[in-house]
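Quick note: the coordinates plus some simple rules give every number you see, no bench work behind them. Values in this document were obtained by computation on a predicted structure and should not be read as measured data. Every residue, glycine as well, gets a Cβ built from its backbone with ideal geometry; the counts of neighbours run over all protein chains shown.
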Amino acid sequence: MIVNAVYGIVIRRTVVVKLAVPNERRDDLCETTAQFQQAAQMVADRAFERDDDGYVITSKTKLHKLTYEQVREATNELNADLVCAARNYAADSVKGVTSAWQNGKYATHPRFTANTVVYNKNAVTYRDNHCTLAAINGRVKAEYILPPEGENPQTEYLRDNEWELRESTLHYRNGDYYLHVGVAKDDEPQEAEGGTVLGVDLGVKTIATTSTGRMWSAGYLNHRRREYETIRGSLQQTGTESAHRTIDGIGERESRWAEDYLHRISKALVQEAVTHDCSTIAFEDLTDIRDRMPAAKAFHVWAFRRLYEYVEYKAAEFGIGTKQVDPAYTSQRCSKCGHTERGNRPKQERFYCRKCGYEVHADYNAAKNIGIKHVHAGQKSPRGRANRQLALKSGTLNVSDEFTSAEVSA
Ligand SMILES: [Zn+2]
């Protein structure tokens, strides 16, 4: 399969906004929440009745066909967009369960009891000072409760046209409604147009690999992790609620040694960026990293996020920025000639380009692609002339892929 990779960076944030819901509409929102949860439960229940081959159903399309009529009938006042959002919400939780099973973890049939409603873009309308939410008995208009302008970051996200307002979730907590608004924008970098980028690839075996060819093994982390898992295994057999809760989470004692280890790696990573005079360290977007890495456990996802946070914090002390770039095709693309094909990666650890024959460690190839994406993103800058370059083992690579040789550092 040959694909065209599109380069670009999308920044995503969630903005929490307190809402003023008119008293006479609170019951309607409450009933909407109940019916939304009921709809999600019906979909999940159907998913666990399994298909003809005995598999739990995770496909949204299949679940739609199997449940839509029934759910609409049972929740007859619920807006059709909310019925769809409930189905997607349920399908995602079911998928979470089946992927936990695939990783040999404990997980059960989801129960929907939260005071939460997912609002896709059809079910919510955003305005400068308020939003309207699909609800039983018609849309509810709710004013935003915001701190004074200039003192709150929410306003920037909600009113700045640069940010696109996407799906939201409505939460009810202690008598108040909060809207968690998903916002996104294409990155038009305002920082130094030029500068050198250090690309970093994250992995389950090699926790971090840089475009300059440095690698940090995850061996120690994985080893300690397995030891803890054995302890947990015996905990799990006791079958108590609290034991279950620790299984996917990270225990406190466990997190301390891992944090210490990740701190050290983050220091070395930042040092690598300093050595190569980099102005930016680029990582892949961590949002859906677990879906892209079948071997990753919840622990790895936790470790990647922590590592990123530490790097972000430490890099800032040196005036170095950190970015997350769209991860699409970074593992299938040849960092030498740009040829993108799934077959370029015959084995987990090896990259072999079917077009130019470039053969290299797969993580190193990915790290270069991640850096290259950030270099290319500079092209879109309004000030034109992209003069970003990628830090490499033996020099730098600029946006027109012209190689500039430089001093080789150890
Ligand atoms: Zn190639």
Entries of 297/368; 60/105; 314/336; 323/373 with Cα pairs more than 21 Å apart: 297/368; 60/105; 314/336
Among 108, 96, 44 - extreme Cα towards positive end, dipole of the range 1-138, charges at beta-carbon: 96
³J(HN,Hα), Karplus 6.51/-1.76/1.60, whole Hz, each residue of the range 98-109, x for Gly, Pro: 5, 6, 5, 4, 4, 8, x, 9, 7, 7, 10, 2
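Cβ under 14 Å from residue 180's Cβ, residue 180 left aside: what net charge do those residues give with Lys, Arg +1 and Asp, Glu -1? Numbers along the way, then the final one.
Working: positive: 12, 13, 18, 166, 173; negative: 167, 176.
Within the 14 Å Cβ shell, the charges total +3.
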Ranked 42, 215, criterion: other C-beta atoms within 10 Å, fewest first: 215, 42
Fully extended contour minus Cα-Cα distance, from residue 31 to residue 52, at 0.36 nm per residue: 4.1 nm
Built amide H within the under 5 Å cut-off of residue 324, gap 5+: 283
Given charges at Cβ of Lys, Arg, Asp, Glu: the range 10-186 dipole, positive-most of 181, 66, 126: 66
Ranked list, fewest to most other Cβ atoms within 10 Å of each Cβ, for 28, 81, 53: 53, 81, 28
Fewest-first sequence of 36, 304, 318 by Cβ atoms within 10 Å of each Cβ: 318, 304, 36
Cα-centred dipole magnitude for the range 10-186, charges only on beta-carbon of K, R (+1) and D, E (-1), debye, nearest 20: 360
Under the Karplus curve 6.51 cos²θ - 1.76 cosθ + 1.60, θ = phi - 60°, whole-Hz ³J(HN,Hα) for the range 213-226, x wherever Gly or Pro sits: x, 8, 9, 10, 5, 9, x, 4, 4, 5, 5, 4, 4, 5
Listed residue (358, 271, 330) projecting farthest to the positive dipole end of the range 263-389, Cβ model: 358
Karplus-derived 3J(HN,Hα), 6.51/-1.76/1.60, for each residue of the range 131-137, Hz, glycine and proline x: 10, 10, 10, 4, 7, 4, 6
